[in-house]
Amino acid sequence: MIVDLLRNDLGRVAEFGSALAVRTAGGRRLTETGLTGGTPYYKSPEQATGDQVVGAASDTYALACVLYEMLVGEPPYLGNTAQAVLGKIIQGAPVSATAARKSIPRNVDAAIRKALERLPADRFRSASAFTAALADPTFRHGEEADRASAFSGGGSRGLLLGGWGAAAVLAGVLAWVATRPEPVQQVRRFSMPFEEGQELEFIGANGFELSPEGSLLVYRHIVDGNQVLVSRRWDELEAVPIRGTEGASFPALSPDGTELAFESPDGGISVLALAGGPVRTLGEGIVPVWGPDGFVYFTSGRDVLRAPAAGGAREVLLSTEEGEGGHFFTDVLASGDRAIRAVNVDGGFQLRILDLETLEEKSLTFGLWGKYATTGHLLYLSEGVLMAAALDEGTMELTGPGVPILDDVLYYSLGTEGTLFYSGGSGAGGTNVRPVWIDRSGDVTPVDPGWIFDRTANPNDIPSLSPDGTRLAVREFTEDGYDIWIKHLPTGVHTRLTMAEKEDRMAVWHPDGRDIAFVSSRDGDRQVWTRRADGTGEPRLLVEFDMPVANMSWTPDGSRLLLRTAGTGGVEGGRDIYVWNAEQGGAPEPLLAANFDEGSPTVSPDGRWLAYTSNESNRWEVYVRPFPDVDEGRWQVSVDGGRTPKWSSDGRELFFVDANDNFVVSTVSAAPSFQATPPETLFQIPPAVATVDLSVPYDVAPDDQRFVMYSYNTSDTDGGDPDVVLVENFFQELRARAPR
């Protein structure tokens, strides 16, 4: 550590004594004819004032100046003239070495500061005392009045810096630095409760970001009913809202911790300075990651993109291939030439490392939120466990198996110097969930207190109630794969409906309650299949479609099936709504397809109205159109953002989620034409409950009085906040548990 610093800076000091390297400033030599002998940078205050009575205290002062320069890269005091330098020396108080370079140990900084005291009596009495303090990891400047006498060395004779004796002392110090074992940094853990009213708002994952040096946390929070990003420094008690981040998510801090990239509620990537200023928009995308090269990396639809953080043209690096689902960046290595991505393949996320120059990509392992630690490890989450595997950055290959490091981790952020911040709790990883009922007042109760299952880390999957409310269809993950299961409510058995090597998901009950349609990858890229709900008969392909399907819903009479495609967002033919006629068969036909995204289609119980969500206004809003003649009118129901609409059983109410994750309801009527009241908030969705943009992650009970949702935090049936922990010197634990 220090020996590397010294080696890097030894070239700055070529000789000792009066032959010390002469530094120039403004083109002048600061050792000039007519000046008091000696180089100004290394003079003690008593020499600077003309007092020629010097001794060991003056020598140790000069030695401290040399060490300071070797460690920091410049002398304690600088100036354009010799007189300016001497004036600063007389005034005293240089910048501490640790403040200049954080990797310098505290005891070394303390010893140097003591040796640079203005008054000789306050310094070490000898060079050997100075050396002993440098070697003592417990030394702290000013902790004890008699500390100097403890290091006096028994009246050792001072060394005159102008001769070879100084070189011997300095050589001894260098030898000590080179041979001294690096002190072991103690791993320290802190439970991080936030001030009341400033709690971390955890929704899904990636709700916070730690600054590279670990002193600042940016996280999501609710302020006056609105979701915003706030910053919290560990040396302060109060969190500070960041203006311009209303409704934002997925924060990503710049390498110097002064700027922030985030995902805007309108689906764009934005950048702003933490100190304030205008918001810069980089374009449509999700999950930004700020690289050390000045680019922000993100994805949009099938494209893998980057854009200059300062603003400028976006660059498409590559596009995903057929059969690959959702994908996003998780890290850019400090070298700036490698990035880590997560790509959904057959229902699971595969971590890959991408060469940003050649665009060559290699698969690493399956998991989530892969990040590179400077210890030479790939960190990632697997089933709620933080794993570490040795990674050769040169070959872009793992050189060892994954090793468990921490259990029960929901999400984490890692600083470059070994600070770790993570959230945890039962159900970690966002995979194990407990279905819960939430009533109109916001009270949460488990559907079945003993029912917890692995839903896999896919926030777009949905719970689906049978028309009579007695059964619940869900997608579960077991060692046999991703399949549809049916639970008999409230505490009855649950049985496996589908059995295939490929993924089955997005179960939807037919209005007659006898069949279940679902999306499957068993014969193509997410096509629509169906099977009898009692498990009789074999699954059969229901809809032949040349586009992958993301979610769907039946019309109340079962005559038509509405499909939302999973194409590239933001372009024509992307996330659009199609309709398939169950009576006539054939291919689905476009219902709403434009140069923006639509989703969450649902038809009213009387079959007259289509509710859906769209980002045509650059933010998600809920709209209603006549059905099936969708071009005969259009009404916006949400006011300040909205998504995932669903009708009440009588068709008089429309439920949806607003931009601040409030569960709201609007009363509707059709006389004399369609009308909807302003949305009324029923409750704030608990932080541990899943919400998404284009699928409907809830279902409505037949009595319209309660709603079934998935709760991530299975240890808290009330949907409470997950635990948050700060770990200092985490790299020590990482090296011990996963040696390379």
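Please enumerate the residues belonging to region 650-669 that are loosely packed, with under 15 Cβ neighbours inside 10 Å and out of contact with any strand residue (DSSP E or B) (no Cβ under 7 Å at 6 or more places or on another chain).
650
Just a yes or no: is a residue in region 276-284 surrounded by 20 or more Cβ atoms within 10 Å (Cβ to Cβ) and not small (Gly, Ala, Ser)?
Within region 276-284, the first condition is being surrounded by 20 or more Cβ atoms within 10 Å (Cβ to Cβ), and the residues that meet it are 282, 284.
Imposing the further condition that a residue be not small (Gly, Ala, Ser) reduces the set to 282, 284.
Taking every residue of region 276-284 in turn, at least one turns out to be surrounded by 20 or more Cβ atoms within 10 Å (Cβ to Cβ) and not small (Gly, Ala, Ser).
From (1) among the hydrophobic types (A, V, I, L, M, F, W, C); (2) crowded, with 21+ Cβ neighbours inside 10 Å; (3) more than 22 Å from residue 553 (Cα to Cα), pick out the condition that doesn't hold for residue 507.
(3)
Step by step: first the residues of region 466-480, then only those that are surrounded by fewer than 18 Cβ atoms within 10 Å (Cβ to Cβ) and at pLDDT 80 or above, then the one that is farthest from the chain's Cα centre (by Cα). Which residue is that?
Residues of region 466-480 that are surrounded by fewer than 18 Cβ atoms within 10 Å (Cβ to Cβ), as a first pass: 467-470, 478-480.
This time we only want the ones that are at pLDDT 80 or above, so: 467-470.
Values: 467: 40, 468: 41, 469: 38, 470: 39 Å.
Filtering region 466-480 for residues that are surrounded by fewer than 18 Cβ atoms within 10 Å (Cβ to Cβ) and at pLDDT 80 or above, the one farthest from the chain's Cα centre (by Cα) comes out as 468.
Return the total of residues in region 246-256 being open to solvent by 10 Å² or more (accessible area, probe 1.4 Å) and in a loop (DSSP other than H, G, I, E, B).
4
If you go through region 518-561, how many residues are part of a strand (DSSP E or B) and in contact with a Lys or Arg (Cβ under 8 Å, 6 or more places away or on another chain)? Please lay out each step first, then the result.
If we filter region 518-561 for residues that are part of a strand (DSSP E or B), which is where we start, we get 518-520, 527-532, 540-543, 549-554, 560-561.
Right, trim to in contact with a Lys or Arg (Cβ under 8 Å, 6 or more places away or on another chain) and you get 518-520, 529-532, 540, 549-552, 554.
Counting residues in region 518-561 that are part of a strand (DSSP E or B) and in contact with a Lys or Arg (Cβ under 8 Å, 6 or more places away or on another chain) gives 13.
Are any residues in region 301-332 surrounded by 20 or more Cβ atoms within 10 Å (Cβ to Cβ) and at pLDDT 85 or above, and if so, which ones?
Matches in region 301-332: 303, 304, 305, 306, 307, 309, 327, 328, 329, 330, 331, 332.
Is it true that some residue in region 447-465 is without any contact (Cβ under 8 Å) to a residue 24 or more places away in the chain, open to solvent by 30 Å² or more (accessible area, probe 1.4 Å) and not in a strand (DSSP E or B)?
Taking region 447-465 and keeping what is without any contact (Cβ under 8 Å) to a residue 24 or more places away in the chain, we get none.
Looking through region 447-465, none of the residues is without any contact (Cβ under 8 Å) to a residue 24 or more places away in the chain, open to solvent by 30 Å² or more (accessible area, probe 1.4 Å) and not in a strand (DSSP E or B).
Only one of 600, 614, 638, 604 is farther than 17 Å from residue 648 by Cβ and open to solvent by less than 20 Å² (accessible area, probe 1.4 Å). Can you tell me which? Explain how you work it out, then say what you get.
Values: 600 fails: farther than 17 Å from residue 648 by Cβ; 638 fails: farther than 17 Å from residue 648 by Cβ; 604 fails: farther than 17 Å from residue 648 by Cβ.
From the options 600, 614, 638, 604, the qualifying one is 614.
Of the residues that sit in region 360-382 and are surrounded by fewer than 19 Cβ atoms within 10 Å (Cβ to Cβ) and in contact (Cβ under 8 Å) with a residue 60 or more places away in the chain, which one is nearest to the chain's Cα centre (by Cα)?
Out of the qualifying residues, it is 374.
Scan region 346-359 residue by residue and report those that are without any contact (Cβ under 8 Å) to a residue 40 or more places away in the chain, open to solvent by 40 Å² or more (accessible area, probe 1.4 Å) and not hydroxyl-bearing (Ser, Thr, Tyr).
357, the sole residue that qualifies.
Of all the residues that make up region 411-444, how many are assigned to a strand (DSSP E or B) and at pLDDT below 80?
3
From the list 534, 523, exactly one residue is under 27 Å from residue 450 (Cα atoms) and open to solvent by 30 Å² or more (accessible area, probe 1.4 Å). Which is it?
Working: 523 fails: under 27 Å from residue 450 (Cα atoms).
Of 534, 523, the one residue that is under 27 Å from residue 450 (Cα atoms) and open to solvent by 30 Å² or more (accessible area, probe 1.4 Å) is 534.
For region 290-300, which residues satisfy the criterion of being assigned to a strand (DSSP E or B), more than 20 Å from residue 618 (Cα to Cα) and open to solvent by less than 20 Å² (accessible area, probe 1.4 Å)?
Kept after step one, since they are assigned to a strand (DSSP E or B), are these residues of region 290-300: 290, 295-300.
Still in the list and also more than 20 Å from residue 618 (Cα to Cα): 290, 295-297.
Of everything in region 290-300, those that are assigned to a strand (DSSP E or B), more than 20 Å from residue 618 (Cα to Cα) and open to solvent by less than 20 Å² (accessible area, probe 1.4 Å) turn out to be 296, 297.
Within the group 343, 228, which residue is farther than 25 Å from residue 419 by Cα, in contact with an Asp or Glu (Cβ under 7 Å, 6 or more places away or on another chain) and surrounded by fewer than 22 Cβ atoms within 10 Å (Cβ to Cβ)? Before the answer, list the steps.
On the way: 228 fails: farther than 25 Å from residue 419 by Cα.
It is 343.
Hey, among the residues in region 488-503 that are modelled with pLDDT under 90 and under 18 Å from residue 710 (Cα atoms), which one's surrounded by the most Cβ atoms within 10 Å (Cβ to Cβ)?
Taking region 488-503 and keeping what is modelled with pLDDT under 90, we get 490-494, 499-503.
Of the ones still in play, those that are also under 18 Å from residue 710 (Cα atoms) are 490-491, 494.
Details: 490: 14, 491: 11, 494: 18.
Once the filter is applied, the top-ranked residue is 494.
Just to be sure before I move on: is residue 125 outside any helix (DSSP H, G or I), open to solvent by 60 Å² or more (accessible area, probe 1.4 Å), within 19 Å of residue 39 (Cα to Cα) and in contact (Cβ under 8 Å) with a residue 24 or more places away in the chain in the structure I sent?
Values: outside any helix (DSSP H, G or I): yes; open to solvent by 60 Å² or more (accessible area, probe 1.4 Å): yes; within 19 Å of residue 39 (Cα to Cα): no; in contact (Cβ under 8 Å) with a residue 24 or more places away in the chain: yes.
No: the conditions fail for residue 125.
How do the strands (runs of 3 or more DSSP E) wholly within region 609-667 filter down when requiring 1 or more residues that are farther than 21 Å from residue 685 by Cβ: which remain?
On the way: elements: 609-614, 621-626, 642-647, 653-658.
Of the strands (runs of 3 or more DSSP E) lying wholly inside region 609-667, those with at least 1 residues that are farther than 21 Å from residue 685 by Cβ span 609-614, 621-626.
The values are calculated or read from the model by the stated rules, or taken from the named source; none is laboratory data. Values in this document were obtained by computation on a predicted structure and should not be read as measured data. Neighbour counts run over all protein chains shown; Cβ positions are idealised from the backbone, glycine included. To get the accessible areas, we keep the full protein, side chains included, count just its heavy atoms, and leave off ligands, DNA and RNA. Shrake-Rupley method; radii C 1.70, N 1.55, O 1.52, S 1.80 Å.
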